[in-house]
Amino acid sequence: MDAPPVPDAALHGLLPAPPAATDWAEVAERLRGDPAGSRREYYWLVMRGPDDLARELLRDERYFDAWSGAESEAALLRIAARRGLAALALLLHAAERHGLVTALAPFRDAAVARVMVGALDGDSARADQARVWFMCHGRDAAVFVVPDALRDPGPERDRAGRALALIARVHGVRCVVAAAREYGAEAAAAVEALGLDPLLQCPDPPPEPDEAFVRERLPRVLLRGRAAALPVPAVRALVTMLRMSTVEEPYGGCEQVLPRLDRASLADLAWALYEHRDRADGRWAAPDVRYALQRLGDGRTAARLAREMGGWDGAAVPPGAGHEAVEVLAVMAPDDAPAHLDRLARTAAAAELRAAARDRLGTAARVRGLTPEQLADRLVPRLGPDAPADDVRAVLAEQAGRLEEAMLSGRSWAVDEFREVLVAHPLLGRLARRLVWSASPPGPDGSAAFRVLDDGAFADVRGVPFVPPEGARITLPHPVRLDGAEAWADVFAGHAVSQPFAQLARPAHVLTDGERASVSLGRLRGTRVPTGRIVALTARGWSLPAPPLRMVRQRQLHRTTPDGHALMVTFEPGIHVRHPHRYAEQELHAVLLVGARQARWGDVDPVAVSELLTALTTDPTPPAVQNPKAET
């Protein structure tokens with residue numbers, strides 16, 4: 001059986017795979033003598049080695065603790081898919097000792113059931129996995145849980161009862177009672193007496209809203225077909241059911257009522273509940289409001305929530321709120337969510353929200369067989385010629401920022417993808433025609449740079465047609481990687497083409513041989529810069545660490561480059577934490593590579609170096625976007 005499609009990047013130190021001709025018997029002998037030796041060899045023997053050797057290793061508990069960290073989850077999923085029941089002992093160990101329950105999803109026995117019952121009180125990720133396991137396995141899972149649900153009162157009984165309630169909500173009470181009947185009629189009667197009917201699972205007293213709140217603050221809720229509306233008492237009952245619901249455990253009566261009501265008016269109700277939520281506890285939304293948004297919201301609701309999320313103050317977002325809100329947004333409107341997530345990943349004020357959106361966007365991209373960047377390319381709206389000028393301008397500005405980031409990161413496109421996704425797009429094509437591109441490897445005559453003409457054809461700096469060689473990758477070259485930037489600037493000036501961001505006019509800082517061999521850049525020592533420039537860098541990926549205890553001035557800037565090098569810039573007199581504008585200027589002292597790696601500046605990506613020097617010596621300017629209706 002082939003392993004599931006877990007990304008190879010998630011396997012970390014287990015790659016690369018050994019050669020096909022590996023002597024697995026020799027590997028097994030080596031592992032027997034040193035179980036703590038090579039985690040990588042163990043993994044690949046289990047995945048590719050002979051069945052008898054793989055089963056032997058999977059029975060040996062001496063190897064189990066090597067699979068304890070969160071990074072083991074992807075490997076355990078592959079091992080489970082490849083070896084099935086032979087892997088169960090390893091998977092149970094990883095779940096019981098380290099909370100890694102995901103790979104147990106297809107397995108079903110008493111030991112797995114005990115792990116899943118315990119996971120209901122674990123962190124949110126484990127609890128979600130456990131809930132899915134009970135709902136998927138239904139009656140077969142209930143058989144293993146019934147004895148604990150009928151034991152003496154205590155935490156184990158409470159968790160088992162919650163597990164049976166989960167099963168009953170999806171599969172019905174009869175399913176659970178039938179499972180209990182395997183232990184006899186008395187057990188079946190006792191389970192029936194637990195009150196597992198989803199309609200009976202409600203607090204006492206129920207959380208009813210005030211009638212005046214329903215009448216004055218909430219919109220009308222229409223019946224399906226929009227011919228009639230619910231009376232206020234019925235809306236009050238509906239809101240009560242919503243208040244008893246969470247995303248993980250909705251009240252059972254909701255699904256009996258919601259399909260009979262108008263979708264758009266339910267979405268308006270969800271947004272009204274969000275707007276009038278209790279803000280006293282500091283949460284972005286209570287569990288019941290999250291359920292209402294996710295279950296009742298539509299594309300309009302998703303757009304509203306995404307706009308609000310984008311402006312959340314980073315300091316005011318509680319831990320975990322970003323991931324919660326992103327998940328609600330993604331489930332609420334699956335077709336619209338990727339575009340919202342892409343925008344949040346790049347522009348949200350809160351760092352946690354940006355990270356959560358990137359993670360969820362990555363999941364959406366993998367489902368489609370794309371990278372997040374490829375998915376973002378395909379989400380750009382194809383506005384027609386009659387689209388409002390402001391809409392066109394906003395899209396062009398946003399996409400110009402994405403292309404500038406592609407230039408800085410060195411992103412590349414296959415030639416066909418470049419033609420179809422960028423050049424042929426009505427808006428991206430406008431931007432593509434205003435930039436210089438590069439093909440790697442170069443063409444037959446050694447040329448690599450080209451521009452896109454109005455008809456979609458390519459031409460080099462002399463105007464000669466340019467055909468990228470087969471298999472080439474297209475990039476957007478930074479001027480430090482572009483030969484003949486001045487000649488290209490003359491070409492664009494001659495055709496009156498303005499660039500959507502500084503590419504050809506961008507500063508290109510190149511290191512000397514001495515600087516390349518050093519850990520410090522001495523050229524900036526003594527340079528005086530405005531304090532505001534240093535503060536502004538915190539919005540561009542830099543951080544200003546808090547000063548040491550009893551100190552009140554920040555004197556360091558830190559950043560990690562895209563290729564993984566840690567940078568530190570020191571300056572004086574420093575930025576006063578309570579009065580950041582006390583000193584108008586700062587004098588730069590050291591610009592260093594730091595960290596355990598003995599790196600030199602010559603090891604750092606030249607684009608990152610150039611951008612660093614530009615950032616420290618130039619005030620940032622917003623990109624200029626030309627007339628949105630112009631074609632060039």
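The values are calculated or read from the model by the stated rules, or taken from the named source; none is laboratory data. If you're wondering where the values come from, they're calculated on a predicted model, not measured in any experiment. Because the Cβ atoms are built from the backbone with ideal geometry, glycine has one as well, and the counts that use them run over all protein chains shown.
Quick notes on this structure:
- Identity of the residue in segment 491-514, outside any loop (DSSP other than H, G, I, E, B) and of a type outside the set (A, V, I, L, M, F, W, C), that ends up farthest from Leu612 (Cα to Cα): Gly494
- Qualifying positions in segment 451-498 - under 34 Å from the mean Cα position of the chain (by Cα) and closer than 26 Å to Val604 by Cβ: Arg473, Ile474, Thr475, Leu476, Pro477, His478, Pro479, Val480, Arg481, Leu482
- Being more than 20 Å from Asp123 (Cβ to Cβ) and either aromatic (Phe, Trp, Tyr) or within 17 Å of the chain's Cα centre (by Cα) (or both) is not true of Pro319.
- Segment 515-563 - residue that is in contact with a Ser or Thr (Cβ under 9 Å, 6 or more places away or on another chain) and part of a loop (DSSP other than H, G, I, E, B) and, of those, surrounded by the most Cβ atoms within 10 Å (Cβ to Cβ): Leu544
- Scanning segment 266-285 for residues that are in contact (Cβ under 8 Å) with a residue 12 or more places away in the chain, surrounded by fewer than 19 Cβ atoms within 10 Å (Cβ to Cβ) and on the phi < 0 side of the Ramachandran plot turns up Ala272, His276, Arg277, Arg283.
- Scope segment 589-609; condition of a type in the set (A, V, I, L, M, F, W, C) and part of a helix (DSSP H, G or I); matching residues: Trp601, Val607, Ala608, Val609
- All positions within segment 413-455 that are surrounded by fewer than 17 Cβ atoms within 10 Å (Cβ to Cβ) and part of a strand (DSSP E or B): Ala414, Ser440
- Scanning segment 193-231 for residues that are part of a helix (DSSP H, G or I) and surrounded by fewer than 16 Cβ atoms within 10 Å (Cβ to Cβ) returns Leu199, Leu200, Glu211, Ala212, Phe213, Arg215, Glu216, Arg217.
- Filter result for Asp148 (within 30 Å of the chain's Cα centre (by Cα) and either of a type in the set (D, E, K, R) or under 30 Å from Val235 (Cα atoms) (or both)): no
- Applying a threshold of 7 Å to beta carbon distances and a minimum spacing of six or more residues, or different chains, the list of pairs starting in segment 75-95 at a residue that is more than 15 Å from Ala105 (Cβ to Cβ) and ending at one that is buried (at least 18 other Cβ atoms within 10 Å of the Cβ) and of a type in the set (Ser, Thr, Tyr) reads Ala75/Tyr43.
- Filter result (of a type outside the set (Asp, Glu), under 28 Å from Arg393 (Cα atoms) and modelled with pLDDT under 90) within segment 590-627: Ala615, Thr618, Pro620, Thr621, Pro622, Pro623, Ala624, Val625, Gln626, Asn627
- Some residue of segment 50-67 being in the same structural domain as Val101 (by TED's automatic domain parsing), part of a loop (DSSP other than H, G, I, E, B) and either within 15 Å of Leu92 (Cα to Cα) or of a type in the set (Ser, Thr, Tyr) (or both): yes
- For Val257, the criteria (1) outside any helix (DSSP H, G or I); (2) in contact with a helix residue (DSSP H, G or I) (Cβ under 7 Å, 6 or more places away or on another chain); (3) farther than 27 Å from Ser124 by Cα hold in every case but one, which is (1).
Per-residue answers, yes or no, for (1) farther than 16 Å from Val239 by Cβ; (2) among the hydroxyl-bearing types (Ser, Thr, Tyr); (3) at pLDDT 90 or above:
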| residue | (1), (2), (3) |
| --- | --- |
| Gly253 | no, no, no |
| Pro259 | yes, no, yes |
| Ala270 | no, no, yes |
| Gly297 | no, no, yes |
| Leu305 | yes, no, yes |
| Met309 | yes, no, yes |
| Gly322 | yes, no, no |
| Leu344 | yes, no, yes |
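- Taking the conditions (1) farther than 30 Å from Val491 by Cα; (2) part of a helix (DSSP H, G or I); (3) among the β-branched types (Val, Ile, Thr); (4) touching a residue at least 60 places away in the same chain (Cβ under 8 Å) in turn, Thr614 satisfies each one other than (1).
- Selection within segment 456-490 - part of a loop (DSSP other than H, G, I, E, B), surrounded by 16 or more Cβ atoms within 10 Å (Cβ to Cβ) and either touching a helix residue (DSSP H, G or I) at 6+ places or on another chain (Cβ under 6 Å) or not assigned by TED's automatic domain parsing to the domain that holds Arg430 (or both): Val461, Pro468, Ala472, Leu476, His478
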